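See structure below.
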Amino acid sequence: MATAKITKTSAKSTKTTAKTPKKNQSDSDVKKILFVASESTPFIATGGLAEVIGSLTKALADTKKFDVRVVLPLYSDIKKEYRDKFSYLGNIYVHLAWRNQYCGIFSCVKDGVTFYFIDNEYYFKRPGCYGYFDDGERFAFFSRSVLEIMPFLDFYPDVMHCHDWQAALSAIYLKTNYCFRPEYQYIRALFTIHNIEYQGQYSMDLLCDLFDIFGEYRYLVEYRNSINLMKGAIECCERFSTVSPRYAQEIKQAYFAHGLEDIVRKNEFKLTGILNGIDDISYNCEKDAHLFENFTPDDFSNKKICKKELQKMLSLPQKPDVPVISMVSRLVSHKGLDLVTAVIEEFLQDDIQVVILGTGDAHYEGYFSHLAQKYPDKFSANIVFNGDLSRKIYSGSDIFLMPSKSEPCGLSQMIACRYGTVPIVRETGGLYDSIKPLENGYTFTNYNAHDMLYVLRQAVSDYKNKAEWTKLMYRSATTDFSWKRSAKEYEALYNEMLK
């Protein structure tokens, strides 16, 4: 059985550094939650997962009911301004199959949450987070390290909350290699699927040599003649969840589950869906410094200035009564862009303007760039990743289009609402759960280009009724998408797991 070699002087210093913070309640009332994830704001982010980890942990810590901690890899892309604030706690050696690898441990406290960073330059001193040939080995080491640092830190969580396939092995190891150790036996595991498309699939001949999983546990990760780490985590965890209630139902179907529908249905008794929130402090039309002018849901007059300045910046005619329809998205097919390309030129015959921001497939990048040249007064293509411009587009648009083929949760439709920009979405995943017709936006059901176009034209028609449109903007901007709402649901789930 694997053990970790601990540097004694480092471990000694850790006793004071990593001590559980004092709470208002008694120690028995404070639940210990350990998040295991591959990224988190503000330290390192490639997508929505990072925002979830950064925001949900803060919301849970704010309740004063949880001692919340997070374990992340120490990537070289983490900026120096953050690294300078890290404290070195010490190091151990982590055994993984035939390897015995160095594991440095750093920590940082932010917004009441303690973050730990796993240091190993062989695995993590390289650009970016993912996309390497040895990602399986990198995240196997990371997951094993999560279990091995617990005695070093003298911190054993009540719930270990693992996210996506990169952290799946931490749940698998907990219930296999570590299940006979007394100090690990009372740790509950929760596994959250942010996108079931990415499952961590590998050849079965890597089972022992790479992942340190032996014959008696082979059945947990074996699926359709290959290793499937997400499948293993679903089987091992006490509970698993998705990032919206609708998506939890959808992944029982082959259309959405990418081959895992049988496993999901087999384990659906322990499945739940909780809709993500957004950072309502950062995305705040009253205080956001990125906007041309700030405004409030009670007074949208300055939003007109945001629209005028956006049109000016993007070289579009400054027409206050022409609706601006925007998309801020990765330019990939499952975002519904095949629907857009099918009818966009027909739609551009109407009195409208369209703004697109994003990068992705060369096919879509080229097509939208061509449209911008063909319709310079009606279409603006911004093939870049630009956070500042995205805020200006959210605040300066009238309508936000998000016609995704599948969307586990989606954040853009919620962000658009915060700026009084009315979303049009397809009824799938978190889009269905967050946007309700004529309450805070528009929806269409079928994955059909002309169904989408019909709803777009309905919204453009409604836009002309300024009094009713302003009421719809208000309802959109005041919809509660805060993490406080989501945190309450996670709190209930944790408590249920700990009964």
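Okay, here's what the table says:
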{"read-out": "Single match in T470, T421 (criterion: within 28 Å of P320 (Cβ to Cβ), among the β-branched types (V, I, T) and under 24 Å from the mean Cα position of the chain (by Cα))", "value": "T421"}
{"read-out": "Helices (runs of 4 or more DSSP H) (entirely within the range 1-85) containing at least 2 residues that are open to solvent by less than 20 Å² (accessible area, probe 1.4 Å) and at pLDDT below 95", "value": "8-17, 48-62"}
{"read-out": "In the range 98-113, the residues that are among the charged types (D, E, K, R), open to solvent by 30 Å² or more (accessible area, probe 1.4 Å) and assigned to a strand (DSSP E or B)", "value": "K110"}
{"read-out": "Residue list for the range 460-485, restricted to those being in a helix (DSSP H, G or I), free of Cβ contacts under 8 Å to residues at least 12 places away in the same chain and open to solvent by 60 Å² or more (accessible area, probe 1.4 Å)", "value": "S461, K466, A467, E468, K471"}
{"read-out": "Those helices (runs of 4 or more DSSP H) lying entirely in the range 333-412 with at least 2 residues open to solvent by less than 40 Å² (accessible area, probe 1.4 Å) and touching a Cys at 6+ places or on another chain (Cβ under 9 Å)", "value": "387-396"}
{"read-out": "Candidates D119, D84, filtered to the one that is more than 21 Å from the chain's Cα centre (by Cα) and without any contact (Cβ under 8 Å) to a residue 12 or more places away in the chain", "value": "D84"}
{"read-out": "Residue satisfying condition, being at pLDDT 95 or above, open to solvent by 50 Å² or more (accessible area, probe 1.4 Å) and closer than 18 Å to E148 by Cβ, within set Y116, Y122", "value": "Y122"}
{"read-out": "Unique residue being among the polar types (S, T, N, Q), touching a residue at least 12 places away in the same chain (Cβ under 8 Å) and within 22 Å of R418 (Cβ to Cβ) when the list is N267, N284", "value": "N284"}
{"read-out": "Counted residues, the range 441-459 - those being in a helix (DSSP H, G or I) and either in contact with a helix residue (DSSP H, G or I) (Cβ under 9 Å, 6 or more places away or on another chain) or of a type in the set (A, V, I, L, M, F, W, C) (or both)", "value": "9"}
{"read-out": "Every residue from the range 144-170 that is part of a strand (DSSP E or B) and either at positive phi or of a type in the set (F, W, Y) (or both)", "value": "none"}
{"read-out": "Candidates D119, D111, D135, filtered to the one that is among the acidic types (D, E) and in contact with a Ser or Thr (Cβ under 9 Å, 6 or more places away or on another chain)", "value": "D111"}
{"read-out": "Residue in the range 309-323 that is among the small types (G, A, S), outside any helix (DSSP H, G or I), within 30 Å of L229 (Cβ to Cβ) and in contact (Cβ under 8 Å) with a residue 24 or more places away in the chain present", "value": "no"}
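One line per residue, one yes/no per condition, for (1) within 19 Å of P323 (Cα to Cα); (2) at pLDDT 95 or above:
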{"position": "V343", "(1), (2)": "yes, yes"}
{"position": "Q349", "(1), (2)": "yes, yes"}
{"position": "V354", "(1), (2)": "yes, yes"}
{"position": "T359", "(1), (2)": "no, no"}
{"position": "Y364", "(1), (2)": "no, yes"}
{"position": "S369", "(1), (2)": "no, yes"}
{"position": "Q373", "(1), (2)": "no, yes"}
{"position": "D377", "(1), (2)": "yes, yes"}
{"position": "F385", "(1), (2)": "no, no"}
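The values are calculated or read from the model by the stated rules, or taken from the named source; none is laboratory data. Values in this document were obtained by computation on a predicted structure and should not be read as measured data. Methodologically, a virtual Cβ is constructed for each residue, glycine included, from the backbone with ideal geometry; neighbour enumeration extends over all protein chains shown. For the accessible areas, the whole protein counts, side chains as well, though only heavy atoms, and no ligand, DNA or RNA atoms are used. Shrake-Rupley method; radii C 1.70, N 1.55, O 1.52, S 1.80 Å.
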